[in-house]
Amino acid sequence: MTALLATERIKLFTTRSPWWSMIMTLGITVGLAGMVALTHAGDRPLTVEHSQFGSQFGLMIITVMAALAVTTEYRFATIRTTFQAVPNRTSILLAKTAVVTGLAVVVGEITAFGSWAVAKLIDGGPELSIRDSGDLRMVAGVGLVYGVAAVMAVAVGILVRQSAGAISILLIWPLLAENLVGLIPRVGDDLRNWMPYVNAGRFLNGVDPEMPLSAWGALAYFAGVAAVLLGTALVVANRRDA
Amino acid sequence: MIEATGLTKHYGRTVAVDNLSFGVGEGRVTGFLGPNGAGKSTTMRMILGLDRPTSGDVRIDGEHYRDLKRPLTTVGALLDAKWVHPNRSARAHLRWLAAASKLPYSRVDEVLDIVGLTAVANKRAGGFSLGMSQRLGIAGALLGDPRVLLFDEPVNGLDPEGILWIRRFMHRLAAEGRTVFVSSHLLSEMAQTAQDLVVIGRGKLIYQGTVDDFIANATENTVVVRSPELDRLTELLRADGVSLVADGDAIRVSGVDSAAIGELAAANKIVLHELNPQIGSLEEAFIQLTGDTVEYTAHTDQHTAPAEPAGATEEAPPA
């Protein structure tokens, strides 16, 4: 497995896309945190939650990066060269998922703590201190959410095999579909409670007592959906012609 | 040793490969010949486990490709030189292949040197010419120092210099005792590179054997004879029931070999100026065998104007 991880690590870092994604994620999240802190005015103090304002944008960039890590392989047919070198498709695709997810987690942690630190430096208010487990989850949890989102993106990338299609699905789903579900009469709100990205948001920003899952339960549910998608993608990849 | 038994591949209702059985012998160059669309690439993808056969089976040294440990050390293949990320350097491309096969990175520089790409090793592969891409693909195939090598149309689109390089390279690989299985629709190319042939048309096996037998069996051999006493020789040959046609100041004799004609002339004291056996070209043999199995036939003699009542279709010559 270490050889396969090395293979996918070389692949990922010898193209430009992950580097640009990392720089953009860092720039946007930390930049937005700085802007929020600088322009903040009013009676209510700046909180830890405010410092993570940019994390949603970072999530999208990481999602695109993870999807591209797979779809470009299909586009340039390097997936065939890959399966030629490693006929065990499950293991090499899991290695790819691991490497991409690992990068997503690291980028998530760096950007989240970076954002918080910048906001704290600029504003310095007491509400910006990480005081309880909820505050810590809000910051340190970003990396975990990015990681699960990366698994989701890799899975969709394997299933769709095409950059534009995979990215459209991955961006339209959380931005549009999960919100529109709430508009369905009667069952809409219940359905919305079980949307994966809604649960990712609840893990970070906390839950109300009437919600069906606890914060960590929400993350587990988000991860469960990603795992099911990845499992499906692996079955499909093994069945079809490369 | 590559062995295919009853290999079949359907894409929806299209039958790409149809109950194909053949063997590729060890330490020889075997040409895999067929018109475009005959199923050569599909067969090669099935050998490498990329495509799943609808039925039948193909093994390398008795094993399925997917069961090979570190397959690049057993089978090296170049199916398409463009299967490279354009923004990755040649060296990086080979490095990840080496990592996947647990080969030392020093091997990457070795194969880059073998194919002559050392100078451009750190340049992005997307900027490579077809010839350079082909060399990079071959470097990848050689990475694991495999016993078996597969090449799909390696000279396609190459300039004469590139073709010559590939041809010499194939000979070198075979001389090193490797099994080389190379596909082509260019017959003249196969005549110069291959010893054995596997010929397919529309996914079906047409011929398997040596190149020499293929040419001998599939073409009619004629002998061109020139002599100042052509009339007398013609009479003698006709008396023996040999068929011949006049060809300018010579005759073209078919059905008997040059030795028999020479002996007949000597016995009758006829001076010969030329006794020239014409060996049928591979092209002729190929067209004869595959003429009616070409997937997409272009009717070159047909008028492009709307259909005319008669004589508009010119079929390929029958096998």
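One table, with the values for the structure above:
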read-out	value
Some residue of region B:112-127 being within 14 Å of another protein chain (Cβ to nearest Cβ) and of a type in the set (A, V, I, L, M, F, W, C)	yes
In region B:221-240, residue surrounded by the fewest Cβ atoms within 10 Å (Cβ to Cβ) [restricted to those that are more than 34 Å from the chain's Cα centre (by Cα) and closer than 16 Å to B:GLU263 by Cβ]	B:ALA239
Meets criteria (away from every other protein chain (no Cβ under 11 Å) and modelled with pLDDT under 95) for A:GLY34	yes
Hits in region A:190-206 - residues which are part of a loop (DSSP other than H, G, I, E, B) and surrounded by fewer than 20 Cβ atoms within 10 Å (Cβ to Cβ)	A:TRP194, A:GLY206
Residue check, A:SER168 more than 21 Å from A:GLN56 (Cβ to Cβ), surrounded by fewer than 24 Cβ atoms within 10 Å (Cβ to Cβ), among the hydroxyl-bearing types (Ser, Thr, Tyr) and more than 14 Å from chain B (Cβ to nearest Cβ)	no
Test for B:LYS82: is it at the interface with chain A (Cβ under 10 Å from one of its Cβ atoms), outside any helix (DSSP H, G or I), open to solvent by 60 Å² or more (accessible area, probe 1.4 Å) and without any contact (Cβ under 8 Å) to a residue 40 or more places away in the chain	no
Some residue of region A:45-63 being open to solvent by less than 10 Å² (accessible area, probe 1.4 Å), within 22 Å of A:ALA223 (Cα to Cα) and among the hydroxyl-bearing types (Ser, Thr, Tyr)	yes
Among (1) in contact with a Lys or Arg (Cβ under 8 Å, 6 or more places away or on another chain); (2) at pLDDT 70 or above - the single one B:GLU295 does not satisfy	(2)
Elements of type helices (runs of 4 or more DSSP H) in region A:1-61, at least 3 residues being farther than 23 Å from A:GLY125 by Cα and over 20 Å from the mean Cα position of the chain (by Cα)	A:2-13
For B:ARG95: the one exception among (1) out of contact with any Ser or Thr (no Cβ under 7 Å at 6 or more places or on another chain); (2) at pLDDT below 95; (3) at the interface with chain A (Cβ under 7 Å from one of its Cβ atoms)	(2)
Selection from region A:207-228 of residues that are open to solvent by 40 Å² or more (accessible area, probe 1.4 Å), free of Cβ contacts under 8 Å to residues at least 40 places away in the same chain and part of a helix (DSSP H, G or I)	A:TRP216, A:ALA220, A:TYR221, A:VAL228
Selection within region B:98-111 - open to solvent by less than 10 Å² (accessible area, probe 1.4 Å), part of a loop (DSSP other than H, G, I, E, B) and more than 11 Å from chain A (Cβ to nearest Cβ)	none
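Conditions tested, residue by residue: (1) under 30 Å from B:VAL15 (Cα atoms); (2) surrounded by 19 or more Cβ atoms within 10 Å (Cβ to Cβ); (3) within 14 Å of chain A (Cβ to nearest Cβ).
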residue	(1), (2), (3)
B:ALA139	no, yes, yes
B:PHE151	yes, yes, yes
B:ASN156	yes, no, no
B:ARG172	no, no, no
B:LEU187	yes, yes, no
B:ARG202	yes, yes, no
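Residues checked against (1) open to solvent by 20 Å² or more (accessible area, probe 1.4 Å); (2) touching a strand residue (DSSP E or B) at 6+ places or on another chain (Cβ under 6 Å); (3) under 23 Å from A:MET1 (Cα atoms):
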residue: A:ARG75; (1), (2), (3): yes, no, no
residue: A:TYR146; (1), (2), (3): no, no, no
residue: A:GLY157; (1), (2), (3): no, no, yes
residue: A:GLN162; (1), (2), (3): yes, no, no
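The values are calculated or read from the model by the stated rules, or taken from the named source; none is laboratory data. What you are looking at is a predicted structure, and each value in this text was computed from that prediction instead of being measured. Methodologically, a virtual Cβ is constructed for each residue, glycine included, from the backbone with ideal geometry; neighbour enumeration extends over all protein chains shown. Note: areas computed on protein heavy atoms with side chains; ligands, DNA, RNA excluded. Shrake-Rupley method; radii C 1.70, N 1.55, O 1.52, S 1.80 Å.
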